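Trainee: Sending over a structure as structure tokens; questions will come in a sec.
The values are calculated or read from the model by the stated rules, or taken from the named source; none is laboratory data. These figures come from a predicted structure and were not determined experimentally. Cβ sites come from the backbone with ideal geometry, for glycine too, and all protein chains shown count toward neighbours.
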Amino acid sequence: MNLPFEDAPPTAVTVSEIPLTVKEAARYLGVSPQTVYLWVERKQIPHLRVMGRNIRFLKSDLDSFRASFRQEMENV
């Protein structure tokens, strides 16, 4: 018996969907982890809470945040 999904190609997780840690997000944004924690505390950066206290970031969200951050810096 063939099920309809048996022949379907496996789905791949794209790099933008892999949650980043605070250190990885800081490195990606070019700032310190302390700055990232400050932005999280002030709710200035999109983030996910995993298991209560662990903070993770989606790369796609960080791309949007970085673009808006860069735009703000250019307007100063």
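Trainee: Provide a single number: the residues in the stretch 27-76 that are in a loop (DSSP other than H, G, I, E, B), at negative phi and either touching a residue at least 40 places away in the same chain (Cβ under 8 Å) or not hydrophobic (A, V, I, L, M, F, W, C) (or both). If you could, list the steps in order and put the result at the bottom.
Mentor: Step one: of the stretch 27-76, the residues in a loop (DSSP other than H, G, I, E, B) are 30-32, 42-47, 51-53, 58, 75-76.
Okay, now just the ones that are also at negative phi, so 31-32, 42, 44-47, 53, 58, 75-76.
Still in the running and either touching a residue at least 40 places away in the same chain (Cβ under 8 Å) or not hydrophobic (A, V, I, L, M, F, W, C) (or both): 32, 42, 44, 46-47, 53, 58, 75.
Qualifying residue count for the region: 8.
Trainee: Could we say that residue 34 is at pLDDT 95 or above and of a type outside the set (Val, Ile, Thr) here?
Mentor: Yes.
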